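Notes follow the structure.
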Amino acid sequence: MATVRTKLAILISVVLVGTFGLLIYVMLQQAKVSCEACIQFNGRTVCRSAIGPDDASASRTAIDNACGLLAGGMTQSIACTNTPPVSLVCE
C-alpha cells in the first residue's frame, strides 16, 4: 500500500508535468509570426529574430533584441529603438 508521502510525490509530479505542458502549449500558440530585424546604429549593424502573436509584436521584439547589443545605456537604447531597421522580414 502506498504511503502518504508516495501519494504526495506522485501528485506533485503530475501537477508539475501538467503545468509545464500547459506553459509549452500557450507559448507555441502565441508564436504565429517570425521576424528578423537588422538595425544599424553607431556604425554597427546587428540582425536578430523574434517570434510573436502578430507582425507588430514580433518586429518590435526583434528590434529590441538587436538594440540590446548595439546600445549602451537608456538614452542610446531609446535612440536605437527609434531608428528604422535596415531590413525587416516577417513570415
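No lab work stands behind these numbers, since they all come straight from the coordinates. In this text the structure is predicted, and so the values were computed from the model without any measurement. Cβ placement follows ideal geometry from the backbone for every residue including glycine, while neighbour counts extend to all protein chains displayed.
Observations on the structure shown:
- Less than 5 angstrom separates the built amide H of VAL86 from those of CYS38, ILE39, GLN40, all sequence-distant by 5 or more or on a different chain.
- 3J(HN,Hα) along segment 22-29, derived from phi through the Karplus expression 6.51 cos²θ - 1.76 cosθ + 1.60 where θ = phi - 60°, amounts to 5, 4, 4, 4, 5, 5, 6, 5 Hz, with x in place of Gly and Pro.
- Each residue of segment 32-46 was assigned a 3J(HN,Hα) from its phi angle through the Karplus curve 6.51 cos²θ - 1.76 cosθ + 1.60 (θ = phi - 60°); the sequence is 9, 10, 10, 10, 10, 10, 10, 10, 10, 8, 6, x, 10, 10, 9 Hz, with glycine and proline shown as x.
- Each peptide among 85-91, 18-24 gets the average number of other Cβ atoms lying within 10 Å of its residues, and from highest to lowest they stand as 85-91, 18-24.
- GNM flexibility winner over the chain from LEU28, LEU70, LEU16 (Cα, springs under 10 Å): LEU16
- Rounded to 0.05, the FRET efficiency of the ALA2 and ASN82 pair, given R0 = 41 Å and the Cβ-Cβ distance, is 0.10.
- Selection among ALA37, PHE20, ILE51 by position relative to the dipole of the chain gives PHE20 as farthest towards the positive end (Cβ unit charges, Cα centre).
- Residue-count net charge about ASP55 - beta-carbon cut-off 13 Å; Lys, Arg +1, Asp, Glu -1: -1
- Vicinal HN-Hα couplings computed from phi for segment 81-88 (Karplus, 6.51 cos²θ - 1.76 cosθ + 1.60; Hz; Gly/Pro x): 5, 8, 7, x, x, 5, 8, 8
- Checking (i) 1.19; (ii) 1.12; (iii) 1.70 against the coordinates, the calculated Cα Rg over 2.2 N^0.38 Å falls under label (iii).
- Virtual spin-label span in nm between THR75 and GLU91, 7 Å along Cα→Cβ: 4.0
- Largest mean-square fluctuation among SER13, SER57, SER34, in a Gaussian network model of the chain whose springs join Cα atoms under 10 Å apart, belongs to SER13.
- Each Cα pair under 8 Å and six or more residues apart adds its sequence gap; the mean of these over the residue count of segment 33-90 is a relative contact order of 44 percent.
- Most mobile listed residue (VAL33, VAL15, VAL46) in the chain, GNM with C-alpha springs under 10 Å: VAL15
- The modelled label-to-label distance between ASN65 and GLN40, using points 7 Å beyond Cα along the C-beta direction, is 2.2 nm.
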